[in-house]
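> Pasting in a structure now, in structure tokens, and then I'll have a few things to ask.
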Amino acid sequence: MQFIGSDIFLVALTFIVYYGAGRLRDFTGISALHPVLVSVAVLIVFLEITGISYEQYSRPGSMIEFWLKPAIVALGLPLYTQLRTIRKQLVPIFMCELAGCVVGIVSVVLIAQWMGASREVIISLAPKSVTNAIAIEITGHLGGIPSLTASIVVLVGLLGAVVGLKVLSFGNISSPVAQGISMGTAAHVIGTSRVNQLSERYGAYATVGLILNGVLTSVLAGPLLEILGV
């Protein structure tokens with residue numbers, strides 16, 4: 001039992017479970033079996049069975065978190081390779097990003113208000129489509145609940161990765177540029193990682209969507225919430 005609770009074992013288990021989840025999705029072809037979703041479910045069951053606390057499990061997580069920053073930076077490689085093409089489309093890309101950011105914030109706020117959510121919950125939902133590091137900072141600054149925001153951001157990213165491309169195809173949106181930007185804007189890093197598997201071009205435009213939506217949400221979330229009376 002002491003070995004099972006060791007830092008090395010828990011880190012190794014995380015990698016093994018994630019790898020296995022990825023192979024499972026590839027084998028079955030079921031997009032709903034996203035590796036992140038399956039890994040979280042399996043690890044929760046493991047912690048419940050063994051009685052290992054989340055605090056004990058997360059302690060060695062710093063070994064994995066160390067690689068998150070270079071992994072995010074690596075997303076800039078396809079962006080660099082497509083930079084010349086992207087420069088020619090900066091204005092339409094920015095206008096699309098602006099529309100996506102505003103619609104994303106306004107829609108979730110209005111729905112939450114209609115359903116009777118509290119002010120703290122509404123604020124926590126507003127930055128749902130940006131990466132966790134940015135979303136948590138926005139929520140904390142505006143008076144929301146950072147832990148709720150962190151959970152919502154992951155769920156939104158998973159939902160986008162699973163059904164995002166299907167929704168876009170249903171709407172007859174087949175352009176790699178449009179699909180890439182949409183996935184990066186709506187599903188942040190997880191969505192960007194998903195389309196990056198399709199081609200370098202998808203990944204480049206998804207990275208643009210990820211970056212611009214993070215910046216715009218940071219600037220516009222507060223003013224939009226005030227306009228909507230939150």
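The values are calculated or read from the model by the stated rules, or taken from the named source; none is laboratory data. Predicted model, so just to flag it, every value in this text is computed and none were measured. Neighbour counts run over all protein chains shown; Cβ positions are idealised from the backbone, glycine included. These area figures cover heavy atoms from the full protein model, side chains too; ligands, DNA and RNA do not enter into them. Shrake-Rupley method; radii C 1.70, N 1.55, O 1.52, S 1.80 Å.
> Of everything in the range 69-93 that's modelled with pLDDT of 80 or more and under 23 Å from the mean Cα position of the chain (by Cα), which residue is farthest from Val162 (Cα to Cα)?
Ile86
> So, in the range 158-177, of the ones that are surrounded by 15 or more Cβ atoms within 10 Å (Cβ to Cβ) and touching a residue at least 60 places away in the same chain (Cβ under 8 Å), which residue ends up farthest from Thr139 (Cα to Cα)?
Val177
> Next up: Consider only pairs whose beta carbons are under 8 Å apart and that are at least six residues apart or on different chains; among these, list those whose first residue lies in the range 204-228 and is part of a helix (DSSP H, G or I) and whose second residue is polar (S, T, N, Q) and surrounded by fewer than 17 Cβ atoms within 10 Å (Cβ to Cβ).
Ala204/Thr81
> Any residue at all in the range 121-128 that is surrounded by fewer than 19 Cβ atoms within 10 Å (Cβ to Cβ) and of a type outside the set (Asp, Glu)?
Within the range 121-128, one or more residues are surrounded by fewer than 19 Cβ atoms within 10 Å (Cβ to Cβ) and of a type outside the set (Asp, Glu).
> Follow-up question, since we're still on this one. Has the range 73-94 got any residue that is surrounded by 15 or more Cβ atoms within 10 Å (Cβ to Cβ) and among the small types (Gly, Ala, Ser)?
The answer is no; no qualifying residue exists.
> Of all residues in the range 108-138, which are touching a Gly at 6+ places or on another chain (Cβ under 8 Å), β-branched (Val, Ile, Thr) and without any contact (Cβ under 8 Å) to a residue 60 or more places away in the chain?
Val121 - this is the single residue of the range 108-138 that is touching a Gly at 6+ places or on another chain (Cβ under 8 Å), β-branched (Val, Ile, Thr) and without any contact (Cβ under 8 Å) to a residue 60 or more places away in the chain.
> Consider Val40 against the criteria (1) more than 27 Å from Ala135 (Cα to Cα); (2) within 21 Å of the chain's Cα centre (by Cα): it satisfies all of them except one. Which criterion is unmet?
Here Val40 meets the rest and fails (1).
> Could you list, in sequence order, the residues of the range 1-47 that are among the hydroxyl-bearing types (Ser, Thr, Tyr) and open to solvent by less than 50 Å² (accessible area, probe 1.4 Å)?
Those that are among the hydroxyl-bearing types (Ser, Thr, Tyr) and open to solvent by less than 50 Å² (accessible area, probe 1.4 Å): Ser6, Thr14, Ser31, Ser39.
> Keeping to the range 35-68, report how many residues are closer than 26 Å to Val162 by Cβ and of a type outside the set (Gly, Ala, Ser).
Matching residues across the range 35-68 total 18.
> Just to verify a result, which residue in the range 68-107, among those that are touching a residue at least 12 places away in the same chain (Cβ under 8 Å) and in a loop (DSSP other than H, G, I, E, B), is nearest to Gly203 (Cα to Cα)?
Leu75
> Are there any pairs with C-beta distances below 8 angstrom linking a residue in the range 43-58 that is within 18 Å of Ala21 (Cβ to Cβ) and free of Cβ contacts under 8 Å to residues at least 24 places away in the same chain to a residue that is part of a helix (DSSP H, G or I) and not polar (S, T, N, Q), with the two at least 6 apart or on different chains, and if so which?
Leu47/Tyr54; Leu47/Tyr57
> Report yes if some residue within the range 138-155 is under 14 Å from Gly100 (Cβ atoms) and either modelled with pLDDT of 85 or more or under 16 Å from the mean Cα position of the chain (by Cα) (or both); otherwise report no.
no
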